[in-house]
Amino acid sequence: HRRARKQQNHLGLTIVPTLSCNFQCLYCYETKKKQTMDKDVEENLLALVRWRIPKGGHLSVTWFGGEPLLRMDIIERLSRGLMQICEENGAKYSANMITNRYLLNTKNVHNLKLFKINSAQITLDGPPDIHDRRRPLKKGGETFKKIFQNVKEASKKISIRLRMNVDDDNRERVGEM
């Protein structure tokens with residue numbers, strides 16, 4: 001961590017466009033606020049990057065949240081601004097996203113590619129019956145089937161990293177995944 005912080009040619013940011021989420025995960029540690037990044041924060045973030053990005057360096061962004069796909073408008077505005085700043089400074093830009101994938105439809109995948117978000121991490125908590133019990137929609141309802149279908153489609157266009165939260169409740173069924 002210390003070595004990475006000393007690298008003068010790299011700036012890494014984790015950006016949270018919103019704390020809102022469309023899931024009601026049993027173990028979620030996030031506050032239930034519907035807080036969303038406002039325009040002032042967006043402008044200040046771009047100013048920070050202008051000030052900190054090294055000429056010929058590298059900016060890497062991780063989009064995180066709540067559920068970042070709920071605010072594609074913010075991701076679009078900031079991505080365009082960040083990519084422009086990098087272009088002006090001869091810097092490389094790369095991005096990834098941590099998402100629950102429920103909203104990752106064809107249009108959103110296309111937009112992610114436009115904004116150089118070339119990989120995404122998603123979490124499944126086990127086979128459908130376990131996952132759906134632990135990670136339901138806020139208004140109720142299953143999520144596994146739609147996430148799985150979205151992953152199959154999205155993986156044709158971007159790199160997908162699957163993660164599984166394991167605890168006493170689901171560890172006996174890890175092998176099924």
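The values are calculated or read from the model by the stated rules, or taken from the named source; none is laboratory data. Remember, it's a predicted structure, so these values are computed and weren't measured experimentally. Virtual Cβ from ideal backbone geometry, glycine too; neighbours counted across all protein chains shown. Just so you know, the surface numbers come from the protein's heavy atoms only, side chains and all, with ligands and any DNA or RNA stripped out. Shrake-Rupley method; radii C 1.70, N 1.55, O 1.52, S 1.80 Å.
What does the net charge come to around Thr143 if you take all other residues with beta carbon closer than 11 Å to its beta carbon, with K and R at +1 and D and E at -1? Intermediate results must be reported in sequence, preceding the final value.
Details: positive: Arg101, Arg133, Arg134, Arg135, Lys138, Lys145, Lys146; negative: Asp125, Asp132, Glu142.
In short, +4.
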**Message:** Straight-line reach from Lys34: which lysines fall under 25 Å, measuring Cα to Cα and dropping same-chain residues less than 8 apart?
**Reply:** Lys107, Lys138, Lys139, Lys146
**Item:** Cross-link partners of Lys92 among aspartates and glutamates (Cα-Cα below 20 Å; sequence separation of 8 or more within a chain)
**Value:** Glu76
**Prompt:** What is the chain's relative contact order, in percent, from Cα pairs under 8 angstrom and six or more apart in sequence?
**Reply:** 22 percent
**Request:** Let me know the shape class of the stretch 85-177, please: from the alpha-carbon gyration tensor, a ≥ b ≥ c as square roots of the eigenvalues, rounded when a/c is under 1.5, otherwise prolate if a/b is greater than b/c, or oblate.
**Result:** prolate
**Request:** Between the alpha-carbon centers of the stretch 156-177 and the stretch 119-154, tell me the distance in whole angstrom.
**Result:** 10 Å
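Using a 1.4 Å probe on the protein chains only, how many percent of the accessible area of the stretch 1-150 belongs to carbon and sulfur?
Working: 4340 of 8320 Å².
Carbon-and-sulfur percentage of accessible area, whole number: 52.
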**Request:** May I ask you to order 59-65, 137-143, 123-129 by the average number of other C-beta atoms within 10 Å around their residues, highest value first?
**Result:** 59-65, 123-129, 137-143
**Request:** Using label points projected 7 Å from each Cα along Cα→Cβ, tell me how many nm separate Arg173 and Glu153, to one decimal.
**Result:** 2.6 nm
**Request:** Express the relative contact order of the stretch 125-177 as a whole percentage, based on alpha carbon pairs under 8 Å and six or more residues apart in sequence.
**Result:** 45 percent
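Keeping every protein chain present and rolling a 1.4 Å probe, give me the accessible area per residue for the stretch 55-110 in Å². Mind dumping the intermediate values first?
Details: 2310 Å² over 56 residues.
Normalised by residue count, the accessible surface of the stretch 55-110 is 41 Å².
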**Complete:** Inverse of <1/r> over all distinct C-alpha pairs of the stretch 18-177, i.e. the Kirkwood Rh in Å, gives 16.9 Å
**Request:** Working with all protein chains in place, sort Lys145, Lys157 by solvent-accessible area computed with a 1.4 Å probe, largest first.
**Result:** Lys145, Lys157
**Complete:** FRET efficiency for Arg133 and Lys55 from the Cβ-Cβ distance with R0 = 35 Å, rounded to 0.05, comes out at 0.10
**Prompt:** If you check each cysteine of the chain for another cysteine whose beta-carbon is under 4.7 Å away, which ones come up empty?
**Reply:** Cys21, Cys86
**Asked** So how much accessible area does Lys156 have, in Å² to the nearest 10, using a 1.4 Å probe?
**Response** 150 Å²
